[in-house]
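Each remark here refers to the structure printed beneath this line.
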Amino acid sequence: MRFGAEPRDGGTRFKIWAPKCKSMRLKIKGRRTLLELEAQDDGWHRLDVDGVEPGALYKYVLPDDSEMPDPASRHQPDDIHSYSEVIQPRDYVWTDAQWEGRPWEEAIIYELHIGTFTEEGTFLAAIDKLDHLATLGITAIQIMPLAEFHGRFNWGYDGAMWFAPDSTYGRPEDLKAFIDAAHGQSIMVFLDVVYNHFGPHGNYLPAIAPIFTKKHKSPWGEAINYDGADAAVVREFTIESALYWIIEFNFDGLRFDAVQAIADDSPTHILEQLASRIRAARSHRHTHLILENAANQETWLRRNSDLEPVHYTAQWNDDVHHLLHAAATGENTGYYADFDNLEERCDKLGRALAEGFAYQGELKPHEGMKRGHASAGLPSTSFVVYMQDHDQIGNRIKGDRITELANEDAIKALSAVYLLSPQIPMLFMGEEWASAAPFPFFSDLPVKLRDVVRKGRQEDLKGTPEYEDPGKPNVEEAVDPTSPKTFASAKLDWQNLASEHHASWLAHYRALIDIRKMEVIPRLVGQEGFASRYEILGPNAVLVSWNMGDGSVLRLYANLDNDAKGDIPAVLGRPVHLEGFADQGRLGPWSVLWTVEV
């Protein structure tokens with residue numbers, strides 16, 4: 001790798017890109033003398049130092065005598081401003097040599113946050129929960145971002161060091177042990193990565209390099225320089241970070257956060273380069289690349305003639321989430337305002353389930369702008385579908401889950417829709433037993449920044465579903481994101497699994513996942529685009545049909561409403577799951593019927 005400290009025989013090579021600095025010095029903890037790095041004409045500074053072994057702690061000293069950790073540090077044992085540690089990547093002995101990953105069609109994803117997944121909040125503690133996930137039927141874990149952040153707790157989207165797993169969760173070898181153990185259970189592991197901005201505290205790169213550009217704007221401040229002067233090295237920094245997680249830690253894929261906020265006018269977009277470099281580096285294994293993209297751009301999801309992804313494997317499908325949530329809760333403000341019209345909501349629900357995007361170039365009334373591309377030509381597996389995720393829970397005033405907002409019949413109907421959909425399903429941690437633990441936004445920051453974060457959070461919440469509802473809490477009642485109590489409240493309530501109520505929910509999820517493995521997954525391979533159709537059966541009721549890869553037809557008859565529906569078309573095919581009631585042309589309230597016709 002071009003960036004960071006690399007152990008070599010009898011010593012360590014130190015290398016840092018700092019074109020803004022004429023000189024850079026190296027400070028090794030325990031040594032009194034500072035070492036001058038050799039400055040290169042291209043802005044690089046490097047030095048090979050004999051006798052520096054893995055485990056050594058170091059910092060860089062700038063011309064003004066200020067000190068900084070390595071922006072490409074592999075480990076920060078004492079938080080983001082402390083010394084960086086020299087890491088030997090070969091010290092960990094992997095046991096997954098035969099692991100080649102799993103095909104994308106087999107993915108049943110479980111999103112989790114390491115710090116709140118267990119009481120201990122560590123990689124090693126998470127290993128003890130892998131048996132639970134394997135028994136549930138999970139085949140892929142998606143970890144929220146791990147890049148080193150300031151303080152004791154964070155969602156992860158404020159990471160400022162893109163090569164260091166945050167030290168609050170453990171050491172790099174602990175992360176490897178978790179992934180190794182997951183592979184031993186035949187579970188893939190994906191990592192959520194953030195390349196659209198750096199966290200607000202702990203990013204030292206602007207002092208030494210043109211990491212930002214004024215050419216573009218970002219929702220988080222300055223935009224990353226992907227297309228200006230010296231952008232080539234900035235791009236390489238990003239690409240090497242992605243490759244580092246994939247190759248060094250054996251992750252099976254990456255989820256790229258909010259790519260619509262990555263501005264790049266260069267001939268080859270950084271997203272295209274990222275995908276091609278990662279796939280070239282891991283051609284021998286299944287590697288899955290997932291997008292979050294509010295712009296709903298079909299371009300990044302296209303398949304080649306073999307139905308393999310050209311660039312990215314799939315995209316999170318917020319449209320399906322919003323439609324399901326609005327049906328179950330009746331919320332019609334915030335980002336659910338575009339689905340307030342009941343007749344239009346029914347059409348959008350069928351379209352999103354069948355084709356992926358609900359809006360495909362049409363005007364979104366609430367946003368006042370056109371959104372999305374035509375997506376019917378994509379196979380269903382181009383989309384990741386869910387009833388809850390970290391954003392949709394966390395971007396609420398109290399961080400409450402859907403079990404606090406909707407009745408049990410509605411939630412079970414929604415889960416039956418998305419878990420058996422030809423789109424790829426994703427659960428949020430604890431959902432499978434109807435966890436009562438909230439998941440509010442939390443971020444530990446220096447004292448001087450806490451008021452800014454609190455006020456900023458309240459402003460952000462003004463765009464959420466609850467803000468315009470007089471029956472819901474006011475934004476001033478939002479939990480304090482900087483409080484340790486907020487972080488502690490989000491830790492999963494594993495002890496509740498012992499109760500009959502939560503055990504029954506777990507059995508419900510296990511049963512649906514078993515049906516998916518038997519009836520849906522085997523039919524996904526070979527499914528092409530333009531393979532679906534839908535019709536409206538009444539308010540909040542739809543019939544959706546998919547031509548599957550094995551030649552069968554999968555059908556969904558869904559009534560997501562408090563009232564029964566009559567005059568339902570004749571049921572075709574063999575029933576594979578019924579949630580609720582269906583008989584003689586009628587669908588009961590909150591009833592979902594899946595059939596397969598071979």
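So for the stretch 138-161 (the condition being small (Gly, Ala, Ser), touching a helix residue (DSSP H, G or I) at 6+ places or on another chain (Cβ under 9 Å) and over 29 Å from residue 71 (Cα atoms)), does at least one residue qualify? Checked against the condition, which is being small (Gly, Ala, Ser), touching a helix residue (DSSP H, G or I) at 6+ places or on another chain (Cβ under 9 Å) and over 29 Å from residue 71 (Cα atoms), the stretch 138-161 yields at least one hit. Screening residue 135 against (1) over 19 Å from the mean Cα position of the chain (by Cα); (2) at pLDDT 95 or above; (3) at positive phi; (4) not hydrophobic (A, V, I, L, M, F, W, C) leaves a single unmet condition, (3). Scanning the stretch 104-146 for residues that are closer than 22 Å to residue 172 by Cβ, touching an Asp or Glu at 6+ places or on another chain (Cβ under 6 Å) and outside any strand (DSSP E or B) returns 123, 124, 144, 145, 146.
Can we say residue 256 is farther than 24 Å from residue 367 by Cβ, in contact with a strand residue (DSSP E or B) (Cβ under 9 Å, 6 or more places away or on another chain) and hydrophobic (A, V, I, L, M, F, W, C)? So residue 256 does not fit the description; no. For residue 398, are the conditions met, namely being basic (Lys, Arg) and more than 19 Å from residue 461 (Cβ to Cβ)? No; evaluated as a whole, the condition is false for this residue. Being outside the structural domain of residue 76 (by TED's automatic domain parsing), in contact with a Lys or Arg (Cβ under 9 Å, 6 or more places away or on another chain), among the hydroxyl-bearing types (Ser, Thr, Tyr) and in a helix (DSSP H, G or I) is a description that applies to residue 244. Selection of first residues in the stretch 469-480 that are closer than 17 Å to residue 393 by Cβ and of second residues that are at pLDDT below 75, restricted to Cβ pairs under 6 Å at least 6 apart or on distinct chains, gives the following pairs, ordered by first then second residue: 472/466.
Kindly evaluate residue 251 against the criterion of being surrounded by 19 or more Cβ atoms within 10 Å (Cβ to Cβ) and in contact (Cβ under 8 Å) with a residue 60 or more places away in the chain. Yes: the conditions hold for residue 251. Would you check which residues across the stretch 223-238 are surrounded by 20 or more Cβ atoms within 10 Å (Cβ to Cβ) and among the aliphatic types (A, V, I, L, M) and list them? Scanning the stretch 223-238 gives 223, 224, 234.
Counted as qualifying within the stretch 294-410 are the strands (runs of 3 or more DSSP E) with 1 or more residues that are closer than 29 Å to residue 433 by Cα, namely 314-316, 383-386. Please indicate, with yes or no, whether at least one residue in the stretch 74-93 is of a type in the set (D, E, K, R), modelled with pLDDT of 95 or more and surrounded by fewer than 18 Cβ atoms within 10 Å (Cβ to Cβ). The answer is yes; a qualifying residue exists. Just one residue in the set 295, 354, 326 is within 24 Å of residue 420 (Cβ to Cβ) and touching a helix residue (DSSP H, G or I) at 6+ places or on another chain (Cβ under 8 Å); that residue is 326. Out of all the residues in the stretch 308-316, is one or more surrounded by fewer than 19 Cβ atoms within 10 Å (Cβ to Cβ), out of contact with any His (no Cβ under 6 Å at 6 or more places or on another chain) and among the hydroxyl-bearing types (Ser, Thr, Tyr)? Scanning the stretch 308-316, I find no residue that is surrounded by fewer than 19 Cβ atoms within 10 Å (Cβ to Cβ), out of contact with any His (no Cβ under 6 Å at 6 or more places or on another chain) and among the hydroxyl-bearing types (Ser, Thr, Tyr), so the answer is no.
Once the stretch 435-468 is narrowed to residues that are in contact (Cβ under 8 Å) with a residue 40 or more places away in the chain and part of a helix (DSSP H, G or I), the residue that is farthest from residue 200 (Cα to Cα) is 461. Taking every residue in the stretch 254-283 that is within 14 Å of residue 314 (Cα to Cα) and pairing it with any residue that is outside any helix (DSSP H, G or I) and of a type in the set (S, T, N, Q), at least 6 positions away or on another chain, the pairs with Cβ-Cβ distances below 8 Å are 255/142; 257/196; 258/196; 258/293; 259/196; 259/293. Yes or no: residue 471 at positive phi and either of a type in the set (A, V, I, L, M) or not assigned by TED's automatic domain parsing to the domain that holds residue 589 (or both)? Criteria not met by residue 471. If I filter the stretch 163-184 for residues that are touching a helix residue (DSSP H, G or I) at 6+ places or on another chain (Cβ under 9 Å), part of a loop (DSSP other than H, G, I, E, B), more than 26 Å from residue 485 (Cα to Cα) and not acidic (Asp, Glu), do I get at least one hit? No; the residues of the stretch 163-184 include none that is touching a helix residue (DSSP H, G or I) at 6+ places or on another chain (Cβ under 9 Å), part of a loop (DSSP other than H, G, I, E, B), more than 26 Å from residue 485 (Cα to Cα) and not acidic (Asp, Glu). Looking only at the stretch 97-122, filter to residues that are of a type outside the set (Ser, Thr, Tyr) and more than 25 Å from residue 425 (Cβ to Cβ); which one of those is surrounded by the most Cβ atoms within 10 Å (Cβ to Cβ)? Once the filter is applied, the top-ranked residue is 121. Here residue 7 meets the list (1) at pLDDT 95 or above; (2) under 34 Å from the mean Cα position of the chain (by Cα); (3) under 27 Å from residue 229 (Cβ atoms); (4) not hydrophobic (A, V, I, L, M, F, W, C) almost entirely, failing just condition (3). In the stretch 464-479 there is at least one residue that is modelled with pLDDT under 95, within 30 Å of residue 376 (Cβ to Cβ) and either surrounded by 14 or more Cβ atoms within 10 Å (Cβ to Cβ) or of a type in the set (Phe, Trp, Tyr) (or both).
The values are calculated or read from the model by the stated rules, or taken from the named source; none is laboratory data. It should be emphasised that the depicted structure is a prediction, and the values quoted were computed from it without experimental measurement. Cβ atoms come from the backbone with ideal geometry, glycine included; neighbour counts cover every protein chain shown.
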